[in-house]
Amino acid sequence: MLNDFIQIRQRLEEVTISGNEIVGFFVPNLDEIEKLKSLSAANCIENFVIVLNRNKLVDQIAINDRIKVRLYSNQLGDEKYFESFEDLINFSSQSNIQNKYFVNSLNYVSTQQVQPVQIQNYTAFTKLISFLRSISDYQKGNEIVFFQAKQLILTTDYSAKDLIEIKELDSLISHIQDSADREERRIIFTNELIASLSKIIEPKNRFNFLVTNFSDLTLNYHKSHSLYLEKYSYQKFKSEIDKEIIEYSKKIQAVINDAQTKLVAIPAAFLLIIGQFDLTGEKIYFNFALVLSAFVFSVLLEVLLRNQFSAIDFVKDDIDRFENSVDDKKIGILGDDFTTTFTKINNLHSKQKSYLNIIRFLVWLTPVFAIGLFILSLTNNTFICFLRALFSRF
């Protein structure tokens, strides 16, 4: 029926329009007379036309008659006819019409594959409104309400002149709805929507601001979503790194603890050698034997210390290998925390290695001190006697 209506409408001349009534003149051909009869039967036109200022039944129209006909677009049923694009917007601005329709000013029928720019923008607007309704918490008429940290009321009224292209709309909707974590993404987008539109005081002005700045909103949403993913990945990666660092810390501490239990003999040996030295100069061979014993003692402890140095260096090599094996993506997500974590473990390694060097110094200080005592014992030295008396108290 719509096709017949369109054909007759496009043949009219001297057209006047009042509401759903379209009045005009034309000379129908035989095929068009049949279409007029069909339209009359469907009440899309009256059952009579005007020929030479006289009423004439539709069934009596002749081929050469110049007729005046009245078309009624509201009688097309499910199919829709719109004289202008503005009429389409006024009729259905909130949702796209699913049935077949025609816009005369654009010469566009909805079954066409190629859409005019105005129809493309109209379709995008209705798609956006439908999407906003699907993720909102409450709807009433043209009002959409969102509840998150704040409440947002959005009025989706617009006119034909407000229509513009909405870029990235399809990709955004797909990104939010076609995912396993769509609820989390919906919340992220809603928060960005509220943050963006809350600064517009009047609810009726918010929708126009939204479509005008839609690209910025989309960009902010993707940034927030990336931060959400990074936060999740950060906790996961940080936990993995910390677990390994704790194990390396335990290994480093174990090396020092093992050394401490074995190197307590250093002060004991030191006191024993001083206490046993004969400072009268009469037991030279005994004193020399003490010096040799001090060297043997230091050599044995040096072997132990070298094992400890090897162990702690092995741990350091393992730490370096682990640090170099971490994926660049994980390093990017952890950022400065990654550097800080490995700086701390490297500082711990350096500190514990310094402790071992101090112990090594003390180990070799014992034979050096023994040699000094041996040399001084060859003479009757009052200072040596004083040291002997001092250490004999311990």
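The numbers here are math on the coordinates, done by the rules we state, and not lab data. Here the structure is a predicted model, which is why all the values come from computation and not from measurement. Here Cβ is always computed from backbone atoms with ideal geometry, including for glycine, and neighbour counts include all displayed protein chains.
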Segment 137-188 shape via C-alpha gyration tensor axes, a/c threshold 1.5: oblate
So if R0 is 30 Å, what FRET efficiency would residue 78 and residue 167 give, r being the distance between their Cβ atoms, rounded to the nearest 0.05? 0.35
Rounded if a/c under 1.5, otherwise prolate or oblate - segment 117-227, Cα gyration tensor axes: oblate
Relative contact order of segment 120-186, please, whole-number percent, based on alpha carbon pairs below 8 angstrom and at least 6 residues apart. 28 percent
Scan around residue 70 for amide H atoms under 5 Å from its own, H built in the peptide plane at 1.01 Å from N, and keep only partners 5 or more places away or cross-chain. 46
Report Rg (one decimal) and Dmax (nearest whole number) for segment 2-109, counting Cα atoms only, units Å. 14.0, 45
Hey, can you rank 248-254, 58-64 by average C-beta count inside 10 Å, highest first? 248-254, 58-64
Simple spin-label estimate for residue 202/residue 140, 7 Å along Cα→Cβ, in nm, reads 2.1 nm
